[in-house]
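Structure, as structure tokens:
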Amino acid sequence: MTEYVHTEDGVRLAYDREGSGQPLVLIGGAGQFRAVDPASRALTSELARRGFDVVHYDRPGRGDSGGESPFTLAGEVAAVRALVDVLGGRAWLYGSSSGGAIALAAAAVLPGVERLLLWEVPLGEEEGTDGAEFLAAIRERVAAGDREGTLRLFMEGMPPEWFEAMRTGPQWPLFERMAPSVAADAEALAWTQSAPRTQLWSAITAPTVVLLGTSAFPFFADAADSIVRSLASAERAEVPGSGHGWEPAALAAALADRLPAS
């Protein structure tokens, strides 16, 4: 059953909660929200069976959550704060793709983040300028009201059939509605290039696991290495998967392997 909570700035967040045990918040990437993401719904149930108290939510501007443009990284961090509070003030964060950059930003400022689990975060070169340039271009399309162009631009560099499947599929109206929210994803990625990463993430003390599929694109592996080098306590781990995707049972098992022995 869908539950709701409001952020400190009044945005209503819709979420599912399942299981008991270790609190865990799932932070989706650029195209993920509950209505179009059956894999994460399945992951929620798999994790609940493995000892987690899981929150799977619609990020601001997506699905059943509220929020109005401009969508920002600060708004995403406020959402994570509200959900960690729902779980009693402490939780692990799992960030998928660009959601991993949001998880890093949240861990840098929020108390109660006990562990980070990051799936194939698409970071650019450390202190590069491409993220800021990309963010400016995304904001320009959002301001022009070009929702299709916003999503098309965001997915440049990915296999073209991914966007075409989205554009021609029955859920396209749902994706159109959420298009302005990818500005927050772009801002999160730009933020990871805004200073040396050891400096940017110096406040992150949570142990971190950077997860990669067995057939990960090379730039995901490069990004993972950068994260591991830049955090106080981080490691890489491999999960069966390919093409930026994973099987819910395999990923849940990898996350459950990090639970402390009872």
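The values are calculated or read from the model by the stated rules, or taken from the named source; none is laboratory data. Bear in mind the structure is a predicted one, so any value in this text is a computation, not a measurement. Cβ placement follows ideal geometry from the backbone for every residue including glycine, while neighbour counts extend to all protein chains displayed. Side chains included, ligands, DNA and RNA excluded: accessible areas come from the protein's heavy atoms. Shrake-Rupley method; radii C 1.70, N 1.55, O 1.52, S 1.80 Å.
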Fill in the blank from the handout: For the stretch 127-208, the percent of all C-alpha pairs falling in each 5 Å bin, from 0 up to the bin holding the max distance, is 3, 15, 20, 19, 16, 11, 9, 6, 1
Practice task
Please compute the net charge surrounding residue 165, taking Lys and Arg as +1 and Asp and Glu as -1 over other residues with Cβ under 15 Å from its Cβ.
Solution key: -3
Handout entry: Normalised contact order of the chain, rounded percent, pairs of Cα under 8 Å and 6 or more residues apart
Key = 20 percent
Fill in the blank from the handout: Whole-percent carbon and sulfur contribution to the accessible surface of the stretch 197-262 (1.4 Å, no ligands, DNA or RNA) stands at 51 percent
Completion exercise
If each part is reduced to its alpha-carbon centroid, the stretch 63-80 and the stretch 186-228 end up apart, in Å, by 22 Å
Problem - In Å², nearest 10: area of residue 172 left accessible to a 1.4 Å probe - result: 20 Å²
Problem - Equivalent-ellipsoid semi-axes of the stretch 125-173, from the Cα gyration tensor, Å, largest first - result: 23, 15, 6
Practice task
Would you mind checking the stretch 109-148 for residues with the amide N under 14 Å from a putative spin-label position 7 Å along Cα→C-beta of residue 164?
Solution key: none
Practice task
With just the Cα atoms of the stretch 162-219, tell me how far they stretch along each of the three principal axes, in Å, largest first.
Solution key: 43, 30, 19
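What does the net charge come to around residue 60 if you take all other residues with beta carbon closer than 13 Å to its beta carbon, with K and R at +1 and D and E at -1? Don't jump to the answer; show the numbers that get you there.
On the way: positive: 12, 59, 62, 81, 177; negative: 8, 9, 58, 64, 68, 76, 185, 187.
Value of the local net charge: -3.
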Completion exercise
Summed over the other residues with a beta carbon less than 12 angstrom from that of residue 236, with K and R at +1 and D and E at -1, the charge totals -4
Practice task
Could you quote the convex hull projected area for the stretch 172-262, Cα atoms only and averaged over all directions, in nm²?
Solution key: 8.1 nm²
Exercise for the section: State in Å² the accessible area per residue of the chain; use a 1.4 Å probe, count heavy atoms of protein chains only, and round to the nearest integer. Expected result: 42 Å²
Exercise for the section: Could you rank the peptides 131-139, 42-50, 75-83 by their average count of other C-beta atoms within 10 Å per residue, with the highest value first? Expected result: 75-83, 42-50, 131-139
Exercise for the section: Just need the Rg to Rh number for the stretch 39-190, please, alpha carbons only, Kirkwood Rh. Expected result: 0.96
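Quick one: with all protein chains in place, what share of the accessible area of the stretch 71-155 is carbon or sulfur, to the nearest percent (1.4 Å probe)?
47 percent
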Completion exercise
antiparallel share of DSSP beta bridges within the chain, to nearest 5, in %, is 25 percent
Exercise for the section: Run through all the Cα pairs of the stretch 36-96 and give the fraction in each 10 Å bin from 0, expressed as whole percent. Expected result: 18, 50, 29, 3
Exercise for the section: Please work out the Kirkwood hydrodynamic radius for the chain, using every pair of different C-alpha atoms, and report it in angstroms with one decimal place. Expected result: 18.2 Å
Exercise for the section: Mind giving me the nanometre distance, one decimal, between the label points for residue 148 and residue 108, set 7 Å out from Cα along Cα→Cβ? Expected result: 3.6 nm
